[in-house]
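Working notes, structure below.
Coordinate-derived values only; no laboratory data. Keep in mind that this is a model prediction, so the values were computed, not measured. Cβ placement follows ideal geometry from the backbone for every residue including glycine, while neighbour counts extend to all protein chains displayed.
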Amino acid sequence: MDLLIRGGQVIDPATNFEGMADILISESKIKSISQKIPPPKNATILDAGGLYVFPGLVDLHCHLRDPGDPEEETIASGTRSAALGGFTSIACMANTDPVIDSPALVKYVKSKSQIEGAINVFPIGAVTKGLKGEELTEMGRMIGEGAVGFSDDGKPVVSAEVFRRALEYARQFDVPVISHAEDLELSAGGSMNESFKSTILGLKGIPHQAEEIMVMRDIMLARAFGKVHITHVSTARSVDLVRKAKAEGVAITCDTCPHYFTLTEEEVEGYNTYAKVNPPLRGEKDLEAIIAGLKDGTIDAISTDHAPHRAEEKNIEFGYAASGMVGFETALALVLTELVEPGSLTLKKAVEKMTLNPARILNVKKGVIKAGWDADVIIVDPKAEWTVDINRFASRSKNSPYHGWKLKGRVLYAIVGGKIVVKDGQLAV
Ligand code: DOR
């Protein structure tokens, strides 16, 4: 069946296109894009006048909790939550139970996604068996089953020697190694940013250095042994370190998440466990530096770190609460409302950091609106104002600090491989 998206404001950073255009989708592929396409017979027509048309968003870092915790999320619920947020491709982390550290488990996630998923799922395999930081996984065979990258996310790979071997190994397959940068001794026992605020609240802090020391180490290793991608960057100095490393030609990329450019440690006030995340929310200067890093290209991508948690893991004492927040359904609107609208980032740059750049980092053929490419496209109403209501999330978990926020920008359609999965802002699958 043919699908014609007519008269939308198309933004495609890959082809550097920004303007009114029609897009014709035939079967699962984009057939053509041009100013005026006569509707083929029997084509479904979507009128996108006054709306944005972007490549489907690509999230290089999320948690789907399958296998292990279907109460928190499943591939069915997580991919639907992602689709509502405009994501058509997501890469899910390996810190499940059991850990995704074998070809069989990669195959499990991949095939389950094909059966019950609403969008494309790209598994990230663990760097080390059981996330123990000791023995490397069988990367080659895991790639054979569909792994697109490797990470022990949730934890760092503590041993520089093991991490070095991982970089050398991954380099042979041209897949990214994604670093959760945290010095576990410096962060031990901490539950929020270490600052005046943590002292006032009587909570043990996590100093900036816990992240920055690992970022420095990773830069040193990337300089010599292979590419590193640093995920969820949260501090000003981390941004600075990556900026300098890039200027020196080190093969390093990084991402941040919406909570690091929209929230600060102030959010923890009242012991709000929905604001507990790892790395922790930082100070105002860090937030500003993150925005500057997005602006000047130091930060390549925006990921969600969608981290669903059960109510009983959050409705407890701050120090004991689980870290993480759900992010799929608020990410794009936060970017549009908090970065694009105030002029901190151009719309094209914002789209690039949520489509083309994460796709390039993962080395997957996504994030481009061009004839012959997969028909993964979203239609967004930039003027739609809405109030975040966690009870309406498609995610099984509700742990979001954005409940009650008024945001602008809503995904009306999500098309995945030519199939409409979100229609008029509602799930169609
Ligand atoms: O806040 C976080 N939650 N950070 C991580 O690195 C892991 C994640 C999770 O799995 O819940």
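Let me have the 222 nm mean residue ellipticity of the chain computed from DSSP H runs of 4+ only, each contributing -39500 (n - 2.57), with the sum over all residues rounded to the nearest 500.
So the calculated ellipticity at 222 nm is -8000 deg cm²/dmol.
For the range 271-429, with the dipole built from +1 on Lys and Arg beta-carbon atoms and -1 on Asp and Glu ones, taken about the Cα centre, which of TRP373, ALA331, PRO279 lies farthest toward the positive end?
TRP373
In nanometres, what is the gap between the two model label sites at ASN391 and ASP424, each 7 Å from Cα along Cα-to-Cβ?
Once both label points are built, they end up 2.3 nm from each other.
Given the Cα atoms of the range 306-418, and with Rh set as the inverse mean 1/r over their pairs in the Kirkwood sense, what is Rg to Rh to two decimals?
Rg/Rh: 1.02.
Reachable lysines from LYS36, Cα under 19 Å, same-chain residues fewer than 8 places away excluded?
Once the sequence-local lysines are set aside, what remains near LYS36 is LYS370.
Within the range 46-77, what residues put their amide N at less than 18 Å from the label point 7 Å along the Cα-to-Cβ vector of HIS403?
Residues passing the 18 Å test: 72-73.
Residues in the range 87-113, backbone N under 20 Å from the label point at GLU341 (7 Å along the Cα-to-beta-carbon vector): list them, ranges by number please.
Those under the cut-off are 87.
Sum up the charges of everything whose Cβ sits under 10 Å from the Cβ of ASP12, counting Lys and Arg as +1 and Asp and Glu as -1, but leave ASP12 out.
0
Express the relative contact order of the chain as a whole percentage, based on alpha carbon pairs under 8 Å and six or more residues apart in sequence.
Averaging sequence separation for qualifying contacts and normalising by length gives 20 percent for the chain.
With springs connecting C-alpha atoms under 10 Å apart, model the chain as a Gaussian network and identify which of SER395, SER159, SER28 has the largest mean-square fluctuation.
SER159
Report, ordered by chain and residue number, the aspartates and glutamates lying within cross-link reach of LYS398, taken as a straight Cα distance under 14 Å and ignoring same-chain residues fewer than 8 apart.
GLU71, GLU72, GLU73, GLU312, GLU313, GLU329, ASP389
Rounded to two decimals, what ratio of Rg to Rh does the chain give with C-alpha atoms and a Kirkwood Rh?
0.95
Pull up the cross-link candidates among the lysines for LYS227, meaning alpha carbon to alpha carbon under 22 Å and not fewer than 8 places away within one chain.
Hits, sequence-local ones excluded: LYS129, LYS132, LYS155, LYS244, LYS246, LYS353, LYS365, LYS366.
I need the shape label for the range 310-374. Rule: rounded when a/c is under 1.5, else prolate if a/b > b/c, else oblate, with a, b, c from the alpha carbon gyration tensor.
Oblate.
Taking the Cα of LYS244, stepping 7 Å toward and past its beta carbon, and measuring to each backbone N in the range 200-222: which are under 15 Å?
Within reach of a label on LYS244: 209, 212-221.
What relative contact order, as a whole-number percentage, does the range 80-132 give when Cα pairs under 8 Å and 6 or more residues apart are counted?
It comes to 48 percent, rounded to a whole number.
Quick one: if you stick a label point 7 Å off each Cα along the C-beta vector at ASP47 and GLU284, how many nm between them?
4.7 nm
Applying 1/(1 + (r/R0)^6) with R0 = 22 Å to the Cβ-Cβ distance of LYS204 and ILE316, what FRET efficiency is obtained, to the nearest 0.05?
E between LYS204 and ILE316, to the nearest 0.05, is 0.85.
In nm, give the distance between the simple-model label positions of LYS383 and ASP174, each being 7 Å from the Cα along the Cα-to-Cβ direction.
The answer from the label model is 4.5 nm.
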